[in-house]
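The values are calculated or read from the model by the stated rules, or taken from the named source; none is laboratory data. Just so it is clear, the structure is predicted and the values come from calculations on it, not from any experiment. Cβ coordinates were reconstructed from backbone atoms using ideal geometry, including for glycine residues, and neighbour counts include every protein chain displayed.
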Amino acid sequence: MDNDQQLKAYLDASAVVKRRIGLVDFANWVKRSHWVIGVAGIALVAVLRQVFGWTSLEVLPLLALFGLWVVVGAVLMVKRAPEVLEALVTLDHSGAWKDRFASAWAFLNQDNRGVGEELHIERAGNSLEQALAAFPESTPLPSLKAAWVLPALALIFSVAPILRPVPSAADSALSDEMVEAASGQAEEIKREARQLDNLTSLTEEEQKELEQLRVDVDQMTSQLEEAEGLTTGEMLEALEARARAVERMARSIGDGEEVWASEAMIKAMADHPDTADMAVAVRDKNAESVAGEALSLQALLESDSLSSELEERMGRSLSNISKSGDESDEARPVGERFGNASNGMNARQPLQAAREFEELAKHFLLIQEREEARKKLEDLAEAMRDAGGEISGKELEKMEELAASRQSERAIPEGLKGLESDEMPQGLSEMKPPQEAAAQGGEELPGLAGGEGEIKAPPVPGTSQDDPSGEGGGQQALKAPIPGQGDPNGAGGSLAANDSGEPGGGSSLQAPIPGMAPGDSEAGSAINAPGGQPGDSNISGQGGDQAGTGTAELVDTESAIHEAGNDSQVVAQINDDGESTFRAVDGEIRQEEVTRSRRDIAAEFIAVEEQALDGKSLPLSRRQQVVRYFSAIRQQFEKEEE
């Protein structure tokens, strides 16, 4: 054999040995470290859930950890791979070959070989294949039966919901219903934002802040109009942030807890009739009412008919009010204007005092406009929060509707579901009379009790149903044919057939006639006889205890008007049973009495008067007095009722 071929054979043999040794080393690595990687995987999933709040896909980091474990084992296997000579030595030791293959490899790498060396190389080459076949058996793989348990538990733990935090609704994407609701709420917010246009009562700085606020609101509404891809938390956070900004601006516009006048000054206003209503408005912080009262005082002082007595009285009132205020009132608009007006009245200049009240009215009209602007801002903030609740509530509404539908389905019994699908009403509407059904080839009706279609007629009063002979007023049987079958006596089966008795004629319904002996008959006694003339009575006889029938001439006659009477008596003769008296009483005259007492009428009148006490028809300063007056009267009535 060529030397190169022999070298190649030993190189291939060493490669086989290397692979087997590497596989054994990797198996040992797995066996030694499986519990470490299992515990580390479980700990990794727990940390991701409890510390970082993962709610899904924890299996991906776990699989990456398992991949790293395999890579480390493969690297160690390659690093520990033996050289060619070491692999041949391992092959020699595995089969007790006494360094045969290692020596042959060494001899092959020599330039000069003796006869003994050649003979050794030849013998080693002949046994090389045998040694390679026995090598796997001599180097078995370690048992890995328990090595997969902990890694498998870690994998199961990564997909199980154990220790997994409950996913927050804020992290869920908006559903189709929520996206549609967001678009509608965006239009509502835009409508509320348009109410903030032309707010002239704001300062320049406030106008700039409002303009920036409009830009933010426009951006938010644009997001709501294209809300696909947004989560519930992002949507609610955007709405809440803008709502808080709007509320901050609303608080800055309002006066907050600012006092308009001291209590002593308000009390002094209430003591004078010309300023009593203004005292109530200032105490209630009603800017519109204060402005109105200031304009009234202005008109009073500017009036051409201002008398000297009124001017003197106004001077004393304004002087007393301005003196009653404390030092803080001098810096307030009310105290400042009242003080200036008092100085004007002391200088005999009522027009100057009127100008002060005009300025006071302008000031409070501005305050009123700012209050309206604040109210509009608060409405906008409320609309934003309502929009968030409306959008996020769509999913809950859908779940409630689904639960209600399931509940209704469970509430309908199985046998009644046909009623819901309108099967029974449709079947009833398609039903037809027996005669029409028989004429159209319908199914025959089942026979009734009694046989041969015999139908027992109801008993006639005065007769005995148990008398088979028919004497003593025994009743005759009503015989009706069964649709689709012929008459058992050969007669036709129609209930409306004639009673001529001719063959082929129909049988008639026979009934006993009151006052006649059993078995007697009279012409026209058959019911619905086709041979009878219109107007003929279908029952005739000598009378009895049953009402008969008859006809009257069809003429246009007016009925007599019934007149009322206190008493009437009717005497009738009924067969041989004796007299019977019927008495009808129309009724007695009923005395009507008043159902409402004087106390109830007075209480209702007082309630109506109290409702009429509005701010336009009664001055504010007199309203409380009138209310106390009516309340005192009401208490008197209530005490009388007790």
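Rundown of residues vs (1) outside any helix (DSSP H, G or I); (2) within 19 Å of Asp12 (Cβ to Cβ); (3) in contact with a helix residue (DSSP H, G or I) (Cβ under 6 Å, 6 or more places away or on another chain), yes/no style:
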site: Glu86; (1), (2), (3): no, yes, no
site: Asp92; (1), (2), (3): no, yes, yes
site: Lys98; (1), (2), (3): yes, no, no
site: Ala102; (1), (2), (3): no, yes, yes
site: Phe107; (1), (2), (3): no, yes, yes
site: Glu117; (1), (2), (3): no, no, yes
site: Arg123; (1), (2), (3): no, yes, no
site: Ala131; (1), (2), (3): no, yes, yes
site: Phe135; (1), (2), (3): no, yes, yes
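For Leu155, indicate whether it is closer than 30 Å to Val45 by Cα, surrounded by 14 or more Cβ atoms within 10 Å (Cβ to Cβ) and modelled with pLDDT under 90.
No.
Take Leu306 and tell me if it is at pLDDT 90 or above and among the aliphatic types (A, V, I, L, M).
no
Can you tell me which of Lys267, Lys285 is modelled with pLDDT under 90, of a type outside the set (A, V, I, L, M) and more than 16 Å from Glu336 (Cβ to Cβ)?
Working: Lys267 fails: modelled with pLDDT under 90.
Of Lys267, Lys285, the one residue that is modelled with pLDDT under 90, of a type outside the set (A, V, I, L, M) and more than 16 Å from Glu336 (Cβ to Cβ) is Lys285.
Considering only residues that are more than 9 Å from Arg337 (Cβ to Cβ) and either touching a helix residue (DSSP H, G or I) at 6+ places or on another chain (Cβ under 6 Å) or crowded, with 24+ Cβ neighbours inside 10 Å (or both), which ones fall in the stretch 350-364?
As a first pass, look at the stretch 350-364 and keep what is more than 9 Å from Arg337 (Cβ to Cβ): 350-355, 358, 361-362, 364.
Hits for the stretch 350-364 are Pro350, Gln352, Ala353, Ala354, Glu358, Ala361, Phe364.
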